[in-house]
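Q: Input: one structure, supplied below.
The values are calculated or read from the model by the stated rules, or taken from the named source; none is laboratory data. Predicted model, so just to flag it, every value in this text is computed and none were measured. Cβ atoms come from the backbone with ideal geometry, glycine included; neighbour counts cover every protein chain shown. Accessible surface is based on the protein model in full, side chains and every heavy atom, while ligands, DNA and RNA are left aside. Shrake-Rupley method; radii C 1.70, N 1.55, O 1.52, S 1.80 Å.
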Amino acid sequence: MREWKLAETNYGAIKGKTFEVAVLPLGATEPHNLHLPYGTDIFEADLIGERICEAAHARGAKVILLPTIPYGTETNQMAFPLAMNLNPSTLFLVIKDLVDSIAHHGMRKIVLLNSHGGNDLKPILRELYGKSQASLFLCNWYTVLADMQQEIFEHRDDHAGEVETSLALAFFPELVAKQPDGTLSADDGATKPTRFEAVNRGWISITRPWHLLTTNSGAGNPHAASAEKGQRLMDHLVERLANFLVELSESPLDERFPF
Ligand SMILES: [Zn+2]
C-alpha cells in the first residue's frame, strides 16, 4: 500500500495526518492511431502522477495523489468510434466539485496533472481564482520537456506519436499493438492542412476535426519510438515535477503566496 495514493491507502493510515498538496490527474478515453490503447492518456496520467508523488513523498513532501478522471473533452474526436466526451463545461463542474472537496478537507494547494490536449483547463484556474480557498496549479505534462524534445525524439508528437508510443513501450508494452515482424501496427501519423494558410500557420485557431486532420486518429509519426526514450522522458519529468511538489509542499501560505 502506497500511503501517498488515496485509492490504495486507508482511513487507519491517514487518520490524524495532514496533507499539503493534492494532485488530481486528468486523462481521456479516445483512439490513439491503430496501435495504442484507448486508455493511453489515463495510463500516462496514472504513471506520471505515481512517479512524481512517490519521489516527492520520499523527500518529505506531504502530497496525496487522487484517482485519475478517466474522461476528457472529445468533441472533435467524435467521428471516431467510442471516443468518450465530457464537454468543457461538464468537466469544469466535475473539477470544481473535486476542488471544493479537497479544500473542504483542508488542503490549499492543488495540482491538476493533465494528460490530454483536448482538456483546456486554464479557464477554470481563472474562474476559481479568488473564489476557492485553494490555489490551483496546472501541469500539462507534455509541455514540461519542450526544451528537451529534440534531444530525445526525432519527431514531434501531437497525438499517439513518438512521445506517447515511447512511454507506452516503456511502461505498458503489452498494450502496444504490433505486426508479426515486430513493427508497430500504426500508420505514419501524417496530418493534413486545412484550406486556410492563416489556420495552418497558427495565426487563426480552430478546434481541429480529428477525422479530417488525421487518417487513423494519430497525429505524429510513432515509428521511431522506443522504451529507452520513454524511460528518459519519465526520468526528466520526475526530476522537474517532483522538485516542484517538494517546493510547493514546503511553501508557507503567506499573503504573497506564490510570489
Ligand atoms: Zn494521448
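Q: Quick one: pull the percent of accessible area on the range 1-129 belonging to carbon and sulfur, 1.4 Å probe, ligands and nucleic acids left out.
A: Carbon and sulfur together cover 57 percent of it.
Q: Just to check, using Stokes-Einstein with a Kirkwood Rh over alpha carbon pairs, what's the diffusion coefficient of the chain at 4 °C and 1.567 mPa s in µm²/s?
A: Once the numbers are plugged in, D ends up at 67 µm²/s.
Q: On a C-alpha basis, how far is the centre of the range 181-250 from the centre of the range 12-64 in Å? Whole number, if you could?
A: 20
Q: Once the convex hull of the alpha carbons of the range 92-207 is built, what does its volume come to per residue, in cubic angstrom?
A: Numbers: hull volume 20.2 nm³, N = 116.
Convex hull of Cα atoms, per residue: 174 Å³.
Q: Another one. Do you know the relative contact order of the chain, to the nearest whole percent, from alpha carbon pairs under 8 angstrom that are 6+ apart? Don't skip to the answer; put the middle values down first.
A: Numbers: 482 pairs, mean separation 62.4, N = 259.
Relative contact order here is 24 percent.
Q: Something else about it: Under 14 Å from the Cα of residue 15, which aspartates and glutamates turn up, not counting those fewer than eight places away in the same chain?
A: Result set, ordered by chain and number: 3.
Q: So if I place +1 on the C-beta of Lys and Arg and -1 on the C-beta of Asp and Glu, and nothing else carries charge, what would the dipole magnitude of the chain be about its Cα centre? I want it in debye, nearest 20. Walk me through the numbers on the way to the answer.
A: Values: 23 positive and 33 negative charges, 148 e Å.
Once rounded to the nearest 20, the dipole reads 720 debye.
Q: Here's something else I'd like to know. Compute a Gaussian network model of the chain, connecting alpha carbons closer than 10 Å, and tell me which residue from 158, 97, 46 fluctuates the most.
A: Residue with maximal mean-square fluctuation among 158, 97, 46: 97.
Q: Relative to the Cα centre, what is the charge dipole magnitude of the range 33-86, using +1 at the beta carbon of each Lys and Arg, -1 at the beta carbon of each Asp and Glu, and rounding to the nearest 20 debye?
A: Details: 3 positive and 6 negative charges, 46 e Å.
In total the dipole reaches around 220 debye.
Q: On to the next question. Only Cα pairs within less than 10 Å get springs; with that Gaussian network setup on the chain, which residue of 131, 15, 62 has the largest fluctuation?
A: Fluctuation is largest for 15.
Q: With +1 on each Lys and Arg Cβ and -1 on each Asp and Glu Cβ, and nothing else charged, work out how big the dipole of the range 83-218 is about its Cα centre, in Debye to the nearest 20.
A: On the way: 12 positive and 16 negative charges, 154 e Å.
In debye, rounded to 20, the range 83-218 gives about 740.
Q: Are there chymotrypsin sites (Phe, Trp or Tyr not before Pro) in the range 196-255 that DSSP puts in a loop and that have at most 13 other Cβ atoms within 10 Å, and which ones? The partial results should precede the final answer.
A: Numbers: sites: 196, 203, 210, 244; in loops: 196, 203.
Qualifying residues, ordered by number: 196, 203.
Q: If you don't mind, another one. Of the accessible area of the range 207-259, with the probe set at 1.4 angstrom, what percent is carbon plus sulfur? List each step's numbers first, then the result.
A: Working: 1580 of 2920 Å².
The value for the range 207-259 is 54 percent carbon and sulfur by accessible area.
Q: Could you report the chain's accessible area per residue, 1.4 Å probe, as an integer in Å²? Please list the in-between numbers first.
A: Numbers: 13490 Å² over 259 residues.
It amounts to 52 Å² per residue over the chain.
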